[in-house]
Every structure is written in structure tokens, then in C-alpha cells.
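Q: One structure follows; several queries about it will come next.
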Amino acid sequence: MKIKIKEFRAKYNLTQEDLAKKVGVRRETIVFLEKGKYNPSLNLAYKVSKALKTTIDELFIFED
Amino acid sequence: MKKEYKYYTGIGVAAFLVAITLQIFWSGIDTIWVSRIKSFLTTAGIVFIALGVGRHMIYKEKPEEDERTKKISALTLSYSWIVTFVLVSVLLLLDKWDIFKMTVMQALGLTMFVMIVVAIVAELYLKRKGDIE
């Protein structure tokens, strides 16, 4: 799975801390999300995509 | 300061005030029970103030937990419970076979110690991992 949170974060000039605050999680969770080490719930994936003004399938790209 | 921390600090201050009031007005009839109540209220006051102020200093307005840490906490408690269960079973068998005898206080102390240590170690280990399956 390719995760593009970092790219979108850079686009909107947001730090991990800012994004964590917007989404209501701890910064470490955003770190693990960006590294692809944590599989978020649908609810969290939706909140992150909403905070980054995009869609879930643009943020989390599944590769066969 | 978050509402929860304010409540903790408020309870702590209230306990302290009651302890001080007891000290001032009940100083003439200082029975063992009044003394115990004063000690209890003072300790409770310190603990609650430390919880309120300490947690505010560590977390400020950040969330204390989220879905990842909740999952980790749940697994940590499971590990702690299983290890404690095994320990208590082993202690029971050792006692039954007259290999190793312990007093009730020793067994309870050891059980609590193992339970807390396993929980702390498991949480530290799991928090370094991104996800738990």
C-alpha cells in the first residue's frame, strides 16, 4: 500500500502535529500512518482525507 | 486546562482543605481515627493534584489516547492478565506440592508487582510498533 499523507501534508504546509490536532489523534499515530506501519480504521482514514481535502483512495493507494 | 484535569485538581485541593480544617478545629480531640482521616485526605489531595497538574503538563491540549493507543492498552491488559493468571496457577501448584510456601501478603504483593511490571513493559514494547494484529 502506498500512502501519500506526507505529500498532501506538504501541499497544505501542515506539520505532523497540525494534522494530528486536526484529526484528534497523537502525533505518533500520524508518524506510523505515514510510514505505512499502522492500518487506520475507516473513520480515521476518512478524517485524515477530509483534513487534507482529498479522498481516501487518493491517500491510500492499494497496489496489486 | 482540560475539564478532566480541572476536576482532578479541584478534588485534590478540596481534600487538602478538609484536612487543614480538621487539623485546625479537631486538634483538641486528636483520636487515632481523626489522624488516619487527615493522613488519608492529605495523601489523596497530593495524588489528585499531581494527576491533574502532571497530566496537564505532559499532554496539555493534546489527546491522551487515540484508536492506536486504545488498541495497545487493550492488548497490554490482556498480556498482563494472562501472565498473572499463569503466575497464580504456578504459585498454587508450588504451595500444594509443598515446594514453595508464601504468606497471603507476599503472594498478593508478588501478584500486583508482576501485573504492573508486565503491563508497563508490554506497553513500552507495543508502543514502539506501529500496529498490532
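Each value in this text was obtained by applying a stated rule to the coordinates, not by laboratory testing. Note that this is a predicted model, so its numbers are computed, not measured. Ideal geometry is used to build each Cβ from the backbone, glycine not excepted, and the neighbour counts take in all protein chains shown.
Q: Counting each pair of different Cα atoms once, what's the Kirkwood radius of chain B in Å, rounded to one decimal?
A: 18.6 Å
Q: Which loop chymotrypsin sites (Phe, Trp or Tyr not before Pro) in segment B:47-133, with loop taken from DSSP, have no more than 15 other Cβ atoms within 10 angstrom of their Cβ?
A: Counting only loop positions with at most 15 other Cβ atoms within 10 Å, the chymotrypsin sites (Phe, Trp or Tyr not before Pro) in segment B:47-133 are B:97, B:100.
Q: Treating the angle as unsigned and between 0 and 90°, give the value, to the nearest 10°, between the Cα long axis of helix B:32-59 and the longest Cα principal axis of chain B.
A: 70 degrees
Q: Turning to a different aspect of this structure: So for chain B, averaging the separation of alpha carbon pairs under 8 Å that are six or more residues apart and normalising by length, what relative contact order in percent results?
A: 27 percent
Q: Hey, could you get me the Stokes-Einstein D for the protein assembly as shown, Kirkwood radius over alpha-carbon pairs, 4 °C and 1.567 mPa s, rounded to whole µm² s⁻¹?
A: For these conditions, the coefficient is 61 µm²/s.
Q: Inverting the mean 1/r over all pairs of different Cα atoms, compute the Kirkwood radius of segment B:67-128 and quote it in Å.
A: 12.6 Å
Q: Okay, next question. Counting only helical runs of four or more DSSP H residues, what would the 222 nm mean residue ellipticity of the protein assembly as shown come to if each run contributes -39,500 (n - 2.57) and the total is spread over all its residues?
A: Rounded to the nearest 500, the figure is -24000 deg cm²/dmol.
Q: I'd like the distance separating the alpha-carbon centroids of segment A:46-63 and segment B:19-72, in whole Å.
A: Distance between centres, Cα-based: 44 Å.
Q: A further question follows. In µm²/s, what is D for chain A at 25 °C and 0.890 mPa s, where D = kT/(6 pi eta Rh) by Stokes-Einstein and Rh is the Kirkwood radius from Cα pairs?
A: In µm²/s, the coefficient rounds to 214.
Q: Report the number of Lys pairs in segment B:36-133 whose alpha-carbons are under 27 Å apart, with separation of 8 or more residues or on distinct chains.
A: 12
Q: Using the alpha-carbon atoms, what tilt in degrees (0 to 90, nearest 10) does helix B:67-96 show relative to the longest principal axis of chain B?
A: Rounded to the nearest ten degrees, it is 70.
Q: Can you pull out the trypsin sites (Lys or Arg not before Pro) in segment B:66-110 that DSSP calls coil and that have at most 13 other Cβ atoms within 10 Å?
A: Filter output for segment B:66-110: B:101.
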